[in-house]
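Asks: Pasting a structure below so you can have a look.
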Amino acid sequence: MWWKAKVAEYRMQKKQSNNMKAVTLVRTGIASRAFEIKEVPKPTPGPGQILIKVEAFGLNFADVIARHGKYKDAPPIPAVLGYEVVGRIESTGREVSSLQPGQRVTAFTRFGGYAEYAVTDARAAARIPEDMDAGVGAALATQYCTAWFCAEEMVCLHKGDQVLIHAAAGGVGTALTQLCKRKGCVVFGTIGADEKMEYVRSNGADYVINYKSHNFNEEIKKFTEKPMDVVFDSGGGKTFRRGKSLLGAGGRIIGYGASEQMEKKTIFGSIKLLFDFGFTNPVFLLMSSKSILGVNMLRMADQRPDVLQRCLKNVVALASVNEIQPKVGGRFKVLEIAEAHAFLESRKSTGKIILTW
């Protein structure tokens, strides 16, 4: 009967409308074998949430760590990774009054960003101008929010402060450099390749050191006799311990990553990484007047979404008037997910890497 065919067609269309494509992590290991594009259920926004039709999503080094199975916060495989998206609000859940369907936003997604649609807490999103580059918007959600929280809320920077920023050519490093120079700090930046030197200098760093070819502790002492006021560390392990040794009285080290774990191939290597951080007695911190601070933006998103919202609104406002200028270091299509991941993992990238549907 003709009507049965119509019913079957309607059901098929409805099923398709409830699905979406997502880049799915199906196995750990090398990028070329790790991902598949799958049809998955389209999420529905709950109370206080928004659903975003994704224009572009960004990569972060935590994604690389998750791909290697070394990021304990990542969802179990098969998983859809992704911390941030830029797109347009498709619909809103109950209790959302600050945002409306049709508005263009950047948003922190806490996984699920590698998809055609993503759902997130409305407090983790902020409106962006229609003409803002998608890569700029994506950088603001995770990397600039992380940098803002580290440099504006965890410490109080002053003009003339000496600041060491590790991985200064990366997304967070780029953001930290701009925020610190905005306060009039003297910035020392470390990089892992000489070809990144000009990029970091052009971003505002006063001194740039290749940590792979030089001992950054020794190099810094050639430039200044003063101790560091603040160290921003994304490496962990020995890098963290050596950075801490550069602090003077009142100095603070902020750890927001542990990229050194990528070099640890076994469980024994991971254990060694913990020892490489070193052990600090609180009495030592008290007597020397130094501080160790840790930042995990996932925890902030889970427990203090109001703080995340404040950070996001501040960086969007600064970017809108060009007081900060996120750099886009790579643009890929979704089908090039393996190439994008490999590029980020190679440590040859600078700034933000995005993928577009």
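Any read-out appearing in this document is the output of simple, stated calculations on the displayed coordinates, not a laboratory observation. It should be emphasised that the depicted structure is a prediction, and the values quoted were computed from it without experimental measurement. Heads up, the Cβs are rebuilt from the backbone with ideal geometry, glycines too, and the neighbour counts pull from every protein chain shown.
Asks: Skipping prolines and chain starts, which residues have an amide H placed within reach, meaning under 5 Å, of the one on residue 208, given they are 5 or more residues away or on another chain?
Replies: 189
Asks: Mean Kyte-Doolittle of at least 0.5 and a Cα length of 18 Å or more along the axis: which whole DSSP H helices of the chain meet both?
Replies: For the chain, where a helix must reach 18 Å along its axis and average at least 0.5, the hits are 305-320.
Asks: Given 10 Å bins starting at zero, what is the percent of C-alpha pairs of segment 147-213 in each, up to the one with the largest pair distance?
Replies: 25, 56, 18, 1
Asks: Now for a different question. Please compute the Kirkwood hydrodynamic radius over segment 98-231, one decimal place, Å, based on all pairs of different Cα atoms.
Replies: When all Cα pairs of segment 98-231 are included, the Kirkwood radius is 16.5 Å.
Asks: Return the calculated 222 nm mean residue ellipticity for the chain, to the nearest 500 deg cm²/dmol, obtained by summing -39500 (n - 2.57) across DSSP H runs with n ≥ 4 and dividing by the residue count.
Replies: -9500 deg cm²/dmol
Asks: If you don't mind, another one. If you split all Cα-Cα distances of segment 62-157 into 5 Å bins from zero, what percentages do you get per bin, shortest first?
Replies: Distribution as computed: 3, 13, 20, 20, 19, 14, 8, 3, 0 percent.
Asks: What three numbers, in Å, describe the spread of the alpha carbons of segment 72-117 along their principal axes, ordered from the longest?
Replies: 34, 20, 14
Asks: If the limit is 29 Å between Cα atoms, which of 196/221; 53/181; 159/348; 70/221; 181/352; 222/352 go over it?
Replies: 53/181; 159/348; 70/221; 222/352
Asks: Work out, step by step, the length gained on full extension between residue 201 and residue 94: first 0.36 nm times the residue separation, then minus their alpha carbon distance; give nm to one decimal.
Replies: 33.8 nm
Asks: Sticking with this one: What's the magnitude of the charge dipole for segment 185-259 around its Cα centre, counting Lys and Arg as +1 and Asp and Glu as -1 at the beta-carbon? Answer in Debye, nearest 20.
Replies: Magnitude of the dipole: close to 320 debye.
Asks: Something else: Give me the tail of P(r) for segment 11-86 as a percent: Cα-Cα pairs with distance above 19 Å.
Replies: 44 percent
Asks: Further question on the same structure: Just how large is the dipole of the chain about the Cα centre, in debye to the nearest 20, putting +1 at every Lys and Arg Cβ and -1 at every Asp and Glu Cβ?
Replies: 720 debye
Asks: Let me know the volume per residue of the alpha-carbon convex hull for the chain, in Å³. Walk me through the numbers on the way to the answer.
Replies: On the way: hull volume 52.5 nm³, N = 357.
Expressed per residue, the convex hull around the Cα atoms of the chain is 147 Å³.
Asks: For residue 238, give me every one of the aspartates and glutamates with a C-alpha distance below 13 angstrom, ignoring sequence neighbours fewer than eight places off in its own chain.
Replies: Qualifying aspartates and glutamates at Cα under 13 Å: 260, 263, 276.
Asks: Also, I was wondering about something else. For the chain, which cysteines have no second Cys with its Cβ under 4.7 Å from theirs?
Replies: Result for the chain is 150, 156, no neighbouring Cys Cβ within the cutoff.
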